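*Asks:* Got a structure for you, questions after.
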Amino acid sequence: MRAGVLGMNVAELAPPNEEHVSEMDLLIGPLLERNGGYGYDTFTLAEGLRSSFRYRRVEEARYDQRALIAEAERDPRCIIRMCETLSEFNEAIEAVRRGAVDPSNRGEER
């Protein structure tokens, strides 16, 4: 049976345009020791706060963190901010939630 015969129209994919593509702030927290291992947290408005896998060695956690950064750098819509302290990370999360932008990190203001 062909689509459209019984009123079932197949939606076509709309070509991407700049109006529908938005930038995404990716905040990456510092490496932390927790629960007998090492890990870090990330935050985006879309996914919220997420914790990385817990690694036994700090070098493994650092490698994972660098791999995440390298992957995110390939996406031109992704704005990465690496936080060196937990307090900096928490402040950055609140700033993103409020819609505030730190011009020193992104070169623009809202």
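*Asks:* Kirkwood Rh, Cα Rg: Rg to Rh for the range 24-100?
*Replies:* Rounded to two decimals, Rg/Rh equals 0.97.
*Asks:* Sticking with this structure for a sec: Suppose we keep just the DSSP beta bridges with both residues in the range 24-100; what percent of those would be antiparallel, to 5?
*Replies:* Approximately 65 percent, going by the DSSP bridge assignments.
Quick note: the coordinates plus some simple rules give every number you see, no bench work behind them. Keep in mind it's a predicted model, so treat the numbers as computed, not measured.
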